[in-house]
Amino acid sequence: MLRFFKMQGCGNDYIFIDCRGQSVPHPHLLARRVSDRHFGVGSDGLVLLLPAEGADLTMRIFNADGSEAEMCGNAIRCAARYAWDCGWASHEPLRIQTAAGLRVLWNGPQKAVTVVMGRPSPLSGAGVRWQGEALTRLSVGNPHGVLFCPDIEHFPLAQAAAEIARTARLNLEAVQILEKNHLKMRVWERGSGETWACGTGTCATVAALVEQGLCPVGEDVHVALRGGELTIRVLPGKQLLMTGAATTVYEGIAEV
């Protein structure tokens, strides 16, 4: 039996396991089982929270297909909220170790969480195109490809993701610019499909638009996703800040 809790950030939902008093021997298999929305708990993936050296805790993320991800912006906000609420840590900033490196977090307004997401970096290798349009490819701890579209609701996201996956393993973001500080976005995540939000993808998208002069430096950019809104700020020097909600859905016990 495993005790778990389910949390979500803008509808991007994960099953979390506090591993301080219990172990998960085969997390990639468990991720596939619990993530199934018909025969499992239902989620975009599984997150393990473990003690850490040189940080307050370590976060490991597994996608719904069992593959391990480097980083997740929504999951790390949820991990911080859990750590503060359960008494794992009481100080700020909180330091969480991930496969993409150390991330620093603070409490935000109305129980939101702010994360220092680091600096984006361009991806090397051959360029990637879809229907003649070049993707802007960036890493924010994990790889992303950003596409611009005039009508986000009717954009064939699944088709584009499937075609791009033949040559590049990327998280795909399709973005519609409403105003310089307001965007609308959909995302297709490797190993999980279309999700209601993606923190790293939102950061990559805003960073790409700032590089092209379409969004401002040093100002909040509000990004509407299917599950809610994330606020991204690109600071001088390209450091990324992300703020968004992190909410517990429920707690439970799973048979393993």
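The values are calculated or read from the model by the stated rules, or taken from the named source; none is laboratory data. Keep in mind that what you see is a predicted model, and the values were worked out from it rather than measured. Virtual Cβ from ideal backbone geometry, glycine too; neighbours counted across all protein chains shown. Calculation scope for accessible area: heavy atoms of the full protein, side chains included, ligands and nucleic acids excluded. Shrake-Rupley method; radii C 1.70, N 1.55, O 1.52, S 1.80 Å.
Computed on the Cα trace of the range 1-66, the radius of gyration divided by the Kirkwood hydrodynamic radius gives Rg/Rh = 0.97. Taking Cα atoms, how many degrees apart are the long axis of helix 199-211 and the longest axis of the chain, rounded to 10 and kept between 0 and 90? Approximately 30 degrees, to the nearest ten. Counting 0.36 nm for each residue step from Q212 to W106 and taking away their Cα separation leaves a gain of 35.2 nm.
To the nearest 10 degrees, how steep is helix 73-86 against the longest Cα principal axis of the chain, on a 0 to 90 scale? Taking the Cα atoms of the chain, the angle to 73-86 is about 30 degrees. Of all segments of the chain bounded by GluC sites (Glu not before Pro) found in a DSSP loop with no more than 10 other C-beta atoms within 10 Å, the longest spans 54-254. Within the range 1-145, the proportion of C-alpha pairs whose separation exceeds 24 Å stands at 36%. A straight Cα-to-Cα reach below 23 Å connects K184 with the lysines K238, residues fewer than 8 places away in its own chain not being considered. Apply the Kirkwood formula to the range 32-82: the hydrodynamic radius equals the inverse of the mean of 1/r over all pairs of different alpha-carbon atoms; give it in Å with one decimal. Kirkwood hydrodynamic radius for the range 32-82: 11.6 Å.
In the context of the full set of protein chains, the chain has a per residue accessible area of 44 Å² (1.4 Å probe).
Using a probe of 1.4 angstrom, how much of the accessible area of the range 117-167 is carbon and sulfur, in percent? Exposed carbon and sulfur together represent 52 percent of the surface. State whether the range 114-211 is rounded, prolate or oblate according to the following rule on the C-alpha gyration tensor (a ≥ b ≥ c being the square roots of its eigenvalues): a/c under 1.5 gives rounded; otherwise a/b larger than b/c gives prolate, and the remaining case gives oblate. It is rounded, given that a/c, with a ≥ b ≥ c, falls under 1.5. As a size descriptor, the averaged projected area of the C-alpha convex hull of the chain was calculated at 13.5 nm².
Any idea how far the Cα center of the range 166-244 sits from the one of the range 42-68, in Å? For the range 166-244 versus the range 42-68, the Cα centre distance is 22 Å.
A simple spin-label model places the labels of V256 and K180 5.0 nm from each other, with each point 7 Å out along Cα-to-Cβ.
Could you give log10 I(q)/I(0) at q = 0.24, 0.25, 0.28 Å⁻¹ for the range 90-160, computed by the Debye formula over C-alpha point scatterers of equal weight, without solvent? Debye curve over Cα of the range 90-160, log10 I(q)/I(0) at q = 0.24, 0.25, 0.28 Å⁻¹: -1.04, -1.08, -1.23.
The average projected area of the range 155-249, computed from the convex hull of its Cα atoms over all directions, is 6.7 nm². The antiparallel fraction among DSSP beta bridges confined to the chain stands at about 80%. Where both bridge residues fall in the range 122-230, DSSP classifies roughly 70% of the beta bridges as antiparallel.
Given +1 at the Cβ of Lys and Arg, -1 at the Cβ of Asp and Glu and no other charges, the dipole of the range 167-247 around its Cα centre is 160 debye to the nearest 20.
Computed across the range 130-170, the Kirkwood radius stands at 11.1 Å (inverse of mean 1/r, all Cα pairs).
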